[in-house]
Amino acid sequence: MQYQCNLVTWWLSIEMFYHFVSIVVIIALLHSAKKGIFASLAIGGGLTAVSCYLHYANSYPPNMLPTLLQR
C-alpha cells in the first residue's frame, strides 16, 4: 500500500514561493504605491489565469482535495 506524504510538502513549497513573490511586490512598493499595486494584481491575476488554464486543459475537477486519499 502506498502512503501519500505530499500534502505537507506541497504546502511548504507554496509558502516558499509566496516568500519569493513578496520580495518583488515589496521592491515595487518601495518605488511607488502604483507600481506595488500593479505588481500585486499582475502576479495574482497571472497565477490565477495559469491555474484556470491548467484545470481546463487537463479536465481537472474544480477542487482536487476530495479526490486525494485522506488518512
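Derivation of every value follows stated rules applied to the coordinates shown; laboratory data play no part. Note that the coordinates shown come from a computational prediction; the quantities given were computed from them, not determined experimentally.
Residue separation of residue 55 and residue 10 scaled by 0.36 nm, minus their Cα-Cα distance, works out to 14.5 nm of gained length.
Rounded to whole numbers, the Karplus 3J(HN,Hα) couplings from phi for the range 20-33 are 5, 5, 5, 4, 4, 5, 5, 5, 5, 5, 5, 6, 6, 5 Hz, using 6.51 cos²θ - 1.76 cosθ + 1.60 with θ = phi - 60°, and x at Gly and Pro.
By the Stokes-Einstein formula, at 1.002 mPa s and 20 °C, the range 6-67 with its Kirkwood radius over alpha-carbon pairs has D equal to 159 µm²/s.
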